Amino acid sequence: MKKTFCLSVIATAASIFASAPEVSVTKTEQDLSRLVTVNYTLSGEPGIITPVVQTNRGDGVWIDIGDENLTHFAGDVNRIVDVGDRSFTWQPEKAWPNHKI
């Protein structure tokens, strides 16, 4: 059974009085080294960018892989990020070992 994954990005408001940050993922790709790169645009206000990774169970249902596997990220993620075009990378083979990705 082939499993795939979905990586979502969530922006958390930096200020309760500012306009809400909005994330639009523009491109997600995985190279031959299995490094996943996510390009996105953050608009509105700066925000804390937090990734969410999901995988399919094989029956059409998507489930989170768990916060304990959300490691090995680099770039504009897991911190306050200014508006504009941004990107980050994830190394799933190090963060979520023993899974085909």
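What list of ³J(HN,Hα) values in whole Hz, one per residue of region 40-50 in order, does the Karplus curve 6.51 cos²θ - 1.76 cosθ + 1.60 (θ = phi - 60°) give from phi, with Gly and Pro shown as x?
8, 10, 9, 10, x, 10, x, x, 8, 8, 10
Which whole-Hz ³J(HN,Hα) couplings does region 76-82 yield from phi under the Karplus relation 6.51 cos²θ - 1.76 cosθ + 1.60, θ = phi - 60°, glycine and proline marked x?
My calculation for region 76-82 gives 7, 7, 6, 6, 6, 10, 6 Hz in order.
Counting only the heavy atoms of the protein chains, how much of residue 31 is accessible to a 1.4 Å probe, in Å² to the nearest 10?
80 Å²
Starting from the residue with the highest accessible area, list 93, 68 in decreasing order, probe 1.4 Å.
68, 93
Over the heavy atoms of residue 34, what accessible area does a 1.4 Å probe trace out, to the nearest 10 Å²?
In the full protein context, residue 34 sits at about 110 Å².
Please list 62, 90 in order of solvent-accessible area, largest first, computed with a 1.4 Å probe with all protein chains present.
Most to least solvent-accessible, the answer reads 62, 90.
Take the alpha-carbon positions of region 24-101, form their convex hull, and give its projected area averaged over all directions (one quarter of the hull surface) in nm².
Over every viewing direction, the Cα hull of region 24-101 projects on average to 5.7 nm².
Restricting everything to alpha-carbon atoms, can you work out Rg to Rh for region 33-72 with a Kirkwood hydrodynamic radius?
1.04
The values are calculated or read from the model by the stated rules, or taken from the named source; none is laboratory data. The structure displayed is predicted, hence computed values, not measured ones. Accessible surface areas use protein heavy atoms only, side chains included; no ligands, DNA or RNA. Shrake-Rupley method; radii C 1.70, N 1.55, O 1.52, S 1.80 Å.
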